[in-house]
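Bear in mind that the values in this text are calculations on the coordinates, not laboratory data. Note that the coordinates shown come from a computational prediction; the quantities given were computed from them, not determined experimentally. Cβ placement follows ideal geometry from the backbone for every residue including glycine, while neighbour counts extend to all protein chains displayed.
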Amino acid sequence: MDIAAYEPGPFYDEMFDPERRPRPGCDLLARTMAELPDTDIARRQQAAERALLHMGITFNVYGHDHGTEKILPFDLVPRVVSGKEWTALERGLVQRTRALNLFIDDIYHKQRVIADGIIPREIVETASSYLPGCKDLDPPQRIWCHINGTDLVRHSDGKYYVLEDNLRCPSGVSYVLHNRQVMKRTFPNVFQQSRVRPVDAYPSELLRVLQHVCPRGVATPNVVVLTPGPYNSAYSEHSFLAQQMGVELVVAKDLVIRDGFVWMRTTRGLARVDVIYRRIDDTFLDPKVFRPDSMLGIPGIMNVVRAGRVALANAPGTGVADDKVVYAYVPAIIKYYLGEDAILPIVPTFVCHDEKQRAHVLANLDKLVVKAANESGGYGMLMGPQASAAERAAFADHIKANPRNYIAQPLLGLSRVPTLLGDGNVLEGRHVDLRPYVLHGRDIFVLPGGLTRVALKKGSFVVNSSQGGGSKDTWVLADENGAKDAAC
Amino acid sequence: MLSRAADALYWMCRYAERAENVARFLDVSLQVMLDLPDPHGEPWAGVIAATGDDAGFYRRYGTATRDNVVRFLTVDHESPNSIVSCLRYARDNARTIREAISSETWEQINKWYLLVNDAAAGGASVADNPYDFLAAMKEASHLFVGVTYLTMTHGEGWHFGRIGRLLERADQTSRIVDAKQGLFLLRPPEVGASLDELHLSALLRSVSALEMYRKRYSRIDHALVMTFLVLDKLFPRSIRHCLDKAKESLCAIMDTPSGSTGTRPERLLGRLVAEYEYAVIEEILDQGIHEHLDGLQSKLNDVGAAIHEQFFATRPDPVQEPMAEAAQ
């Protein structure tokens, strides 16, 4: 295929430098792609997507009847991260996770961070993800956020920034594992020679974390994955993770509270459950404590959690730390708990709750991206530079009406990765982000890889699957100077 | 294992088995029609009657023609017993228990479903040439059974699946035999006797039994064919064999010696197994094969209901006490 025609453009390109030379670690990949006939690439692309369909790696599209399951569009060209870059990211993610965990624990206990003036009380207590019902909760090992997905982006200056934390039920890790399998089949030679670090350890690491937080005195903990059910958009991930860990996948009606414990209904009567990897939102967990209208929850489970007789991962209430406004305070939070400067920078953020910052935001709406604090999936957002005057005026009203709920950031020039278009014979740059997965057990483990989401629409910065996003494999290369667990 | 997972495994296998048998049933019907140069009455109406869903059929199709019947039984999403519906149910069940089955099992049921769904999207071609489609269905089903056998631990879950498959197969074999009896009556009386052997061969072929039958009994004879399909101990689609093996799986699940009679499913299935072990074909034929098979189908329903009640039913407030070994 014609690689020479590829135009890296004005953004940071993950594969080529501005002189169109492959970046370190990308030479072999670029050469192989250049040598492949167009028809061959198209064939491999189709084979890859068919493999995903057969494996049933699909997400549910709400509101459709026939053909309700779709595969997440998958692009063959991987995103490559050098070993050196990864080491820095890894350190930053470990630091951030450790600090956020301490922050959550503090928020639901003594609230020293508030008393010491690091973050205003009203910011914390007005976060919709702050759950007063979790006050004085003591999760096993004092770990709250066991599984995190941190969204990173690389700006035109070549630096990575944290875009947001996902401390409740981050999804997408199954795509990381499946994309990898497909890529190994599609480009076996490049793959092997590029020394890509394996991602296969994720399910065992996850199980280790879940077993680590089991209630005291349980020798062989019974771990389950709790899913809202087959109609949830991430269901295939829930069942995949349960399958890979070799544990039961349960829905709420499989569980029952008795004698102060959680049990599951089996063909031989009730069996005790010790650890629940819950993939339902925390406010749906217990209708007696949180949302009374929840049909997905287990009434009374919070009492069992409080009594330390079952562990939830993630613990309820962790969302307070991934609130989009709290985000602006994370560098100070890291400094406060760890006495260290944040390794990973955040995007400069204006908090509209603050009067001076709000004035600045309102005066510069055409230059900023405004986000509602309690929305996700790319909803509730204003892309200032691209919006019409009317849209900006409407958002200005929203901000004035509810300043606590909004933050604003400069528009980042998300980096791009070459992406196959049409029948797979055209290569164009498309914007990407990166979600690495972090597990907090006895130690903090960062999966060497992650979900690279790609905005398939030309010029679009929105990578969410609900809005035309796809995914790519992420190749973290083994360090140049040491064969750190080279690819298998 | 989870009651819900056991339930889904059982039904996954039942529906997959049903899909295969619908293919077999339709295949034999198509062949018989070819052998009836001038059938009495409306032969395809008899086929529809045998499915037990006449009302649904006539409401939407009006008349029982070959193409309508083929469509109704293969690619019709609205018909609950069409192959595409069976596959959808089988896959829906598999999808709720992907963690309880091997990925190979899941992929096979998923591929099979996608194959049928594609065929349903281009519906006309199946009616034009049903034979290739029906052959593909049998092959996909055999692959499914093989993959389950070879990639899943033969533990509790697998046994629940096997019971589902075998109860379904026993039921379906009885329906194929019964429906074929009905089709015999359509033969023109003057050539009837000479067609008997042809029909019996077609019946045997429809359950892949012709060669195995010939090894056991050399000549084609009505009573012997009935003996083979209903009472043979070793042929995998004979009713008795299905019951024997289902009981074996039930014993494995209960982890009891084969003589145990502790629970209702064990009692009902045990009685049925004993009945077939000591049955002779003459008595069955005297009673009337249709009446006999009708009775069997209703007993199979009872067994299915008892299994549901014993293992799958989730009660709002469970009456079972936690078992010591489970509560470790």
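Structure data summary
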| item | result |
| --- | --- |
| Which of A:C145, A:C26, A:C214 has the fewest Cβ neighbours within 10 Å, and the rest in rising order | A:C214, A:C26, A:C145 |
| Surrounding net charge for A:A342, when Lys and Arg each add one and Asp and Glu each subtract one, Cβ distance under 14 Å | +2 |
| For region A:356-410, projected area of the alpha-carbon convex hull averaged over all directions, nm² | 3.4 nm² |
| Mean Cβ neighbour count within 10 Å, used as a protection proxy, ranking B:24-31, A:357-364 highest first | B:24-31, A:357-364 |
| Sequence-separation-based contact order of chain B, relative, with Cα cut under 8 Å and 6+ spacing, percent | 23 percent |
| Hull shadow area, averaged, the protein assembly as shown [alpha-carbon convex hull, nm²] | 40.1 nm² |
| Normalised contact order of chain A, rounded percent, pairs of Cα under 8 Å and 6 or more residues apart | 24 percent |
| Average beta carbon contacts from partner chains per residue of A:232-241, 10 Å cutoff | 2 |
| Gyration tensor (alpha-carbon) shape descriptor, region B:3-312, a/c threshold 1.5 | oblate |
| Neighbourhood charge, 10 Å Cβ-Cβ cut-off, centred on A:M1 and excluding it, Lys, Arg +1 and Asp, Glu -1 | -4 |
| Rounded if a/c under 1.5, otherwise prolate or oblate - chain A, Cα gyration tensor axes | oblate |
| Mean projected area in nm² (Cα convex hull; one quarter of hull surface) for region A:128-189 | 7.9 nm² |
| When each of A:K110/A:K324; A:K335/A:K356; A:K84/A:K371; A:K70/B:K138; A:K70/A:K159 is checked by Cα-Cα distance, pairs over 30 Å | A:K84/A:K371; A:K70/A:K159 |
| Listed peptides A:200-207, A:403-410 by packing density, highest first (mean Cβ within 10 Å) | A:403-410, A:200-207 |
| Mean Cβ count within 10 Å, highest first, over the residues of peptides B:57-65, A:88-96 | A:88-96, B:57-65 |
| Shielding score for B:99-111, defined as the mean number of other chain Cβ atoms within 10 Å | 4 |
| Shielding by partners, peptide B:84-95 (average Cβ within 10 angstrom, other chains) | 1 |
| Cα centroid separation, region A:132-162 to region B:103-166 (Å) | 43 Å |
| Antiparallel DSSP beta bridges within the protein assembly as shown, percent to nearest 5 | 75 percent |
